[in-house]
1. What is the sum of charges around D55, taking Lys and Arg as +1, Asp and Glu as -1, for the other residues whose C-beta is under 12 Å from the C-beta of D55?
2. Which whole-number percent is the relative contact order of the chain (Cα, under 8 Å, 6+ apart)?
3. Sort the range 270-346 into rounded, prolate or oblate with this rule: let a ≥ b ≥ c be the square roots of the eigenvalues of the Cα gyration tensor; rounded if a/c is under 1.5, and if a/c is not under 1.5, prolate when a/b is larger than b/c, oblate otherwise.
4. Using square roots of five times the C-alpha gyration tensor eigenvalues, list the equivalent-ellipsoid semi-axes of the range 122-250 in whole Å, biggest first.
5. Which one is right for this structure if P(r) over Cα pairs in 20 Å bins from 0, in percent is calculated from it: [x] 26, 54, 17, 3, 0; [y] 22, 44, 30, 4, 0; [z] 30, 61, 9?
6. Between the helical axis of 109-130 and the dominant principal axis of the chain, each derived from Cα atoms, what acute angle in degrees is found, rounded to the nearest 10?
7. When all C-alpha to C-alpha distances in the range 125-172 are sorted into bins of 10 Å, what percent of pairs does each bin hold, rounded to whole numbers?
8. Which of rounded, prolate, oblate describes the range 30-144, given a ≥ b ≥ c as roots of the alpha-carbon gyration tensor eigenvalues and a/c under 1.5 marking rounded, otherwise prolate only if a/b is larger than b/c?
Amino acid sequence: MAEVQTRQVACTDRRPWRAAVALVTLVLLAVLIGLGFVNLATLPGDVANAPNAGDIALYKRIIAHVQGGESYYTAAIRELRENNYPLRPFVVVRPPVLAVALAAISDEMVPRALLCVLAAITFLAWAWRLRAVVSSPVLYAFSLMVLATGIAPAIVPQAWPLHEVWAGLLIALSLAVRRPNAWIVAVILGVAAAIIRELAAAYLLAMMVMAFKDGWRKEAAAWALGLLIFAAALAVHAHNVNPLVTPADPASPSWLRIGGWSFVLQTTQWNLLIEAAPRWVGVIVVPLALAGLTGRRDDLGQRVMLVVFGYIAAFIFVGRDNNSYWGLMIAPLWPLGLVTAWPALARCVADLCAFLVPKDAQPGTPSKG
């Protein structure tokens, strides 16, 4: 009897906290939607129709030079300099792994097909993983649909030279295949993403933190080792770039711009649904998806939430308008929040109602007297 009373007290003590969290979630949802409509006129349209065309042409020329036998770094530095790109700091020069790998393939159709294959594998891996967490056939079909909207940029014919497309798919695939007792492949995929595009290092850090929090010490150590491998690769990259850069070469403008929610919405436009619909649809859908990510309490859901929220938080403070393609890093992941958006909001309303209207005061509840 005492144990039952203790549990009841614990539930009662948690009720104000759950109500507070629910209130904050609903208020933030309303604020973000409101901010989206305030900034609606400033949002660029049809972002995904021209996926960073200047950079894609640049990457193609660099790949062609490497195919001709030139060193990646001399080709990349010369192309950046001749086309008035900044050369400082060294991270403005993309890591060489993807360009060198693509240069080994003479036919452009092959890397396009390989990217489509990676997209298909990522889709199938998530389709298999979602079977265990989505019970309703209708909801499962909806899950696959929203997943496809985030993976779709990979099948755009000119997307294959973009580092962010490959890295984003590798991050999504890494999350899909990771299990508490089977994480080696996930770590390898995550490290590959970070070596292709250094922005993926944040994913390695998030996964290390989650593994440590959950008590998976060996897994946490593996992710930490992945970070060290990435750091070593980045140091080698800096060592190769810096001697080729002169003080006369231009420096990149600061990425610290505090673009706020408006820039976040720009990064999420790399999505088939957002790109095809009127701009106001994204203003509503994106906050709903983020709210939905808070509705998953399982192992996978918590990791997806941390990764997406981490990048979203970074995008609020870091990134220029021409960096919206960074959103490709999480393009396959954030739409998954739409699957649990309604249950998450329903739970918020229920938690608020349970606090504001005590059970004893609800209609139909028998009086204790």
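1. Numbers: positive: K60, R61, R94; negative: E79, E164.
For residues surrounding D55, the net value is +1.
2. Values: 475 pairs, mean separation 92.8, N = 369.
It rounds to 25 percent for the chain.
3. On the way: a/c = 2.07, a/b = 1.28, b/c = 1.61.
Oblate shape, in that a/c is at least 1.5 and b/c is the bigger or equal ratio.
4. Numbers: eigenvalues 198, 97, 16 Å².
The equivalent ellipsoid of the range 122-250 has semi-axes of 31, 22, 9 Å.
5. For P(r) over Cα pairs in 20 Å bins from 0, in percent, the calculated option is [x].
6. Tilt of helix 109-130: around 10 degrees.
7. Here the calculated profile for the range 125-172 is 23, 45, 25, 7.
8. On the way: a/c = 2.96, a/b = 1.44, b/c = 2.05.
In terms of gyration-tensor shape, oblate.
Laboratory data are not the source of any read-out in this text; all were calculated from the coordinates shown. All values reported here derive from a predicted model rather than from experimental measurement. Methodologically, a virtual Cβ is constructed for each residue, glycine included, from the backbone with ideal geometry; neighbour enumeration extends over all protein chains shown.
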